Amino acid sequence: MAFRDIKGQARPIELFKGYLKTGNVPGAFLFCGPDGAGKYLSAINFAQALNCLVNKDDACGSCVSCVKIAGQAHPDIHEISAQDSDEIKIEQIRELKRSINLRPYEARRKVFIINDAHRLNPESSNALLKVLEEPPGSSLIILITAKLQLLFKTIISRCQLIRFYPLGREELRDILARDYSVPEAQAHYLSYYCEGRLGGALR
């Protein structure tokens, strides 16, 4: 996967490329925007680009590192999400804290992706705050949420906020038809029904 595979999010992609070019990558990002806007794919793509063995400012998609990350088999790329309940529990954040302080096995930079970060409960939120105060330079935390208002303001303030927006209806229709070979009538219907969310339209 390369940045060109993230459709309709030119501004976030421009920011990602800028961080990679300068090498000045923050310790924590917060990706916010509607479901299906490309937040998770962008997190995976950014993790690949940070650790790509071929390119410096994008993911090649075919080196050992990129392939492992795409297949969720890289030892230094971790995903955290709500499991048995609707909450991300403090035990999961404690494990993040333990792992983040270990040296990477293979990667230049370890990446921790927290899906649906608004599901952090008060205890896990407070534990995460302590990690965000001084994240190790060899790591990156990416929080993903569609409900920014449910996060602690102190968590938001410690992250670099990247906003993802839904596509315009015509833009979504054209992408579906051009890039995914969706018949014109179906692309037109989906562009209205899914309210600019490419991920929702593809599902």
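The values are calculated or read from the model by the stated rules, or taken from the named source; none is laboratory data. Just so we're clear, the structure is a prediction, and the values are computed from it rather than from any experiment. Note that we place each Cβ from the backbone using ideal geometry, even for glycine, and neighbour counts take in every protein chain shown. The protein model used for the area step is the full one, side chains on, heavy atoms only, and it has no ligands, DNA or RNA in it. Shrake-Rupley method; radii C 1.70, N 1.55, O 1.52, S 1.80 Å.
The figures follow:
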{"item": "Segment 1-129, accessible area per residue, ligands and nucleic acids excluded (1.4 Å, Å²)", "result": "49"}
{"item": "Relative contact order [Cα under 8 Å, 6+ residues apart], the chain, whole percent", "result": "28"}
{"item": "Top of Gln72, Gln83, Gln92 by mean-square fluctuation, Gaussian network on the chain, Cα under 10 Å", "result": "Gln83"}
{"item": "Residue among Asn51, Asn115, Asn126 with the largest mean-square fluctuation in a Gaussian network model of the chain, springs linking Cα atoms under 10 Å", "result": "Asn126"}
{"item": "Of the trypsin sites (Lys or Arg not before Pro) in segment 45-102, those whose Cβ has at most 16 other Cβ within 10 Å and which sit in DSSP loop", "result": "Lys56"}
{"item": "Within the chain, longest stretch clear of exposed GluC sites (Glu not before Pro) (DSSP loop, no more than 16 other Cβ within 10 Å)", "result": "107-194"}
{"item": "Förster radius 35 Å - calculated FRET efficiency between Leu53 and Ala185 (Cβ-Cβ, nearest 0.05)", "result": "0.20"}
{"item": "With every protein chain in place, segment 1-95: carbon and sulfur % of accessible area (1.4 Å)", "result": "48"}
{"item": "Debye log10 I(q)/I(0) for segment 71-119, one point scatterer per Cα, at q = 0.13, 0.18, 0.30 Å⁻¹", "result": "-0.32, -0.59, -1.18"}
{"item": "Value of [θ]222 nm, deg cm²/dmol, for the chain, DSSP H segments ≥ 4, -39500 (n - 2.57) each, nearest 500", "result": "-12500 deg cm²/dmol"}
{"item": "Computed label-point distance, nm, for sites Lys147 and Gln160 using a 7 Å Cα→Cβ extension", "result": "2.8"}
{"item": "Radius of gyration, Dmax [the chain; alpha carbons; angstrom]", "result": "17.3, 52"}
{"item": "Heavy atoms of Asp86: accessible area, 1.4 Å probe, square angstrom to 10", "result": "110"}
{"item": "Relative contact order [Cα under 8 Å, 6+ residues apart], segment 73-147, whole percent", "result": "40"}
{"item": "Amide H within-cut-off set for Leu140, under 5 Å, with H built and near neighbours excluded", "result": "Lys110, Val111, Phe112"}
{"item": "Cβ-placed point charges (K, R +1; D, E -1), dipole of segment 26-168 about Cα centre in debye, nearest 20", "result": "360"}
{"item": "Values of log10 I(q)/I(0), in the order q = 0.13 Å⁻¹, for segment 1-51 under a Debye, Cα-only, solvent-free model", "result": "-0.27"}
{"item": "Amide H contacts under 5 Å for Ile80, placed H, 5+ residues apart", "result": "Ile113, Ile114, Asn115"}
{"item": "Overall Cα dimensions of segment 61-156, principal axis frame, Å, largest first", "result": "38, 24, 22"}
{"item": "GNM flexibility winner over the chain from Ser125, Ser85, Ser65 (Cα, springs under 10 Å)", "result": "Ser85"}
